[in-house]
1. So for segment A:141-196, what percent of the C-alpha to C-alpha distances run longer than 15 Å?
2. Any chance you could run the full-extension gain for B:GLU217 through B:GLU172? It's 0.36 nm times the residue separation minus the Cα-Cα distance, nm to one decimal.
3. Take the Cα coordinates of chain A, assign each an equal point scatterer, and use the Debye formula without solvent to give log10 I(q)/I(0) at q = 0.11, 0.12 Å⁻¹.
4. Over the Cα atoms of segment B:31-234, compute the convex hull volume and normalise it per residue, giving Å³.
5. Enter the accessible area per residue of the protein assembly as shown (Å², integer; probe 1.4 Å; all protein chains in place).
6. Out of A:THR246, A:THR391, A:THR379, any idea which swings most in a Gaussian network model of chain A, alpha carbons joined below 10 Å?
7. For segment A:48-110, what D do you get in µm² per second when you plug the Kirkwood radius from alpha-carbon pairs into Stokes-Einstein at 4 °C and 1.567 mPa s?
8. Could you compute the FRET efficiency for A:ASP173 and A:PHE202, with r as their C-beta to C-beta distance and R0 at 30 Å, rounded to 0.05?
Amino acid sequence: MSGPSTYKPGSGVEKWLDDRLPIIRLGYDSFVDFPTPRNLNYWWTFGGILAVFLMIQILSGIVLAMHYVAHEDYAFDSVQRITRDVPFGWLIQSMHANGASFFFVAVYLHMFRGLYYGSYKAPREILWILGVVIYLLMMATGFMGYVLPWGQMSYWGAMVITNLIGALPFVGDAIREWLWGGFSVGQATLNRFFSLHYLLPFVIAAVVGLHIWALHVPGNGNPVGLDVRKGDAGKKDTLPFHPYYTVKDGFAIIVYLMIFAVFVFFLPTVLGHADNYIEANPLSTPAHIVPEWYYLPFYAILRAITFDIGPIDAKLGGVLAMFGAIGILFVLPWLDTSKVRSMRYRPLTRWFFIFFVVAALGLGWCGAVNPDDYVMGITGFKFLYLGQFLTFYYFAYFIVVLPVLGIIEKPKERPASIEAAVLGTDKA
Amino acid sequence: MKMTRIFAAAIAALGFAGTAAAFEGEQHAPHEHHWHHDGPFGTYDTQAVQRGYQVYQEVCASCHSMDLMRFRNLGQQGGPFASEEFPNPNDNLIVMQIAASYTRVWDQDEVNDDGDPVERPGLPSDAFPAPFANEQMARASNGGAYPPDLSLIVKARSHGENYLYSLLTGYEEAPADSHLAPGQYYNPYFPGGAIAMAPPLADGIIEYADGTEATLEQMAEDVTTFLSWAGDPHMETRKQMGVMVLIYLLIFAILVYLAYRQVWANVKH
């Protein structure tokens, strides 16, 4: 952890334990005395919120797994039995299904925070990459979890996504059959998805451990993007994590839980799709197959590539673009050439970032609708074209905007230190 | 508070993106009907659920199954025949009577000493009897169409209750340019407009046990309320608990916010 440990065992038992397994010391140094920049705003509370939601998902999921039957004939009914006959099953199921959405809302806000304040820049590249790994694992877990209730959207969503693998040249078909465990989405697929859906959250928890470890080496970034000063001056830049940030995070977590409760108790089905209350039927394809909302931007990118690029046909191109949209996040730390972390001091890039957020939301919109429909009824302006434009911008932001602006942009003057920023000598 | 607004806006934006699934082209948008169980405090109109069960039993059940329902559900907390006298719905006399009014083979695995399936009166633990043994038989009796199971029908259609009510009351004379196959009926609220279900309800086709006049609108509203309850039988408990949870979290949030102000009072940040 950053800085020497200041833990002093308070009792004989703690001393005895500390000499053998310094676990209390680890907790103290990490979550009590840990020096944290004093200027963190509420965008920094999503890390704690995410930890809470990972626990909610794991605990509610373990209970659901006690009652769930991973069989193509019984899966749909078993989920219904949970909501009807298991004591408080309706509550646990609603928490788990809506919890996934709230987990993703939090992770997106956490990622946008990182993008805006340059949290991916040196010395936090590994921290960022571990975050992208967690996000990928969340996507896989969420996708497989959505298949388990075995409704129409579960089944056909699984069909569409696994079919993407078939777009790979030469090996696509073989890999797809291997994933399915047969020649279509079926019993074998459901069973293995259940197994993996139970496994991956624990992998996520392990990577979260690494993520926090990597966080605690350089410490938190902060809104002005300056390093905590070395030595005694650094003390004026920071506050101990407890009580300052435990209480601030705690407040944010409770407010977030209130919004969560509104959905769990009063709007339990609005984030889902009506078709998923129809049992999976391989003989009847729904009129519109849409994934869960948190995949919609990537679904729009997938569908934006409608043309062949040299030897790459449109389908493979779409798949590559979709995976590339996440893959590019892995190399982001080396694409942004600016030494300035916080966008507060990057007057030009800031606007490109704001439009990046708009583009991401816009892609979500494109993913939800039929690509041949017209945007707001404007004849000729298909959602497909909007999706293509926004996809172009998505990649251009990483490949062109960040590398170029980092060189040509003249950043605003930054305060001398975090302390100076807090004391109001800086109004940025 | 500013932060709450940001949260709410973000979730609203993302929620909108998620539910804005495309709607079928020529389909009429359903009526906005007011339901007793709308809103955060809305409860089911028990009388309507009871009447709706009668409509289901006398009209819908001749073609539509409700596989997820058991007779005992009718007497459980929040159900149409719930009674404080019988906290265990399996002891509920009305429920027992309803179940016993059906005599049939309930389970092919339930056999006598000769190995033959047993025919007996129903028990509260038995499922609502399905009108057809399997999909093929259902299709054969319905001109090739398969009447969907109604256990979750309100949740399984976008616009839920409003869709169902509009559909049940929305049959019209087919316009001249519509191409209806034999055995199809025109209903502009149904995707595509051609529906295989004959208009199921008409004024006075049943006689309500409670004496309510059985108009088309009345029956449509009642049966929709019943099906809404059947799809979400714990709604009332859910909403009540939600109110308590939100009050609890609100008080908790205020206390933590005050603690936050206190802790940070002398710290510039």
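1. Details: 649 of 1540 pairs.
The proportion of pairs with Cα distances above 15 Å equals 42 percent.
2. On the way: separation 45, 0.36 × 45 = 16.20 nm, distance 1.47 nm.
Additional length available on full extension: 14.7 nm.
3. Ignoring solvent entirely, the Cα scatterers give -0.97, -1.12.
4. Details: hull volume 27.9 nm³, N = 204.
With only Cα atoms used, segment B:31-234 gives 137 Å³ per residue.
5. 48 Å²
6. Of the options given, A:THR379 has the highest mean-square fluctuation.
7. Values: Rh = 12.3 Å.
Once the numbers are plugged in, D ends up at 105 µm²/s.
8. 0.40
The values are calculated or read from the model by the stated rules, or taken from the named source; none is laboratory data. Computed from a prediction, not measured in an experiment: that's the story for all the values here. Neighbour counts run over all protein chains shown; Cβ positions are idealised from the backbone, glycine included. The protein model used for the area step is the full one, side chains on, heavy atoms only, and it has no ligands, DNA or RNA in it. Shrake-Rupley method; radii C 1.70, N 1.55, O 1.52, S 1.80 Å.
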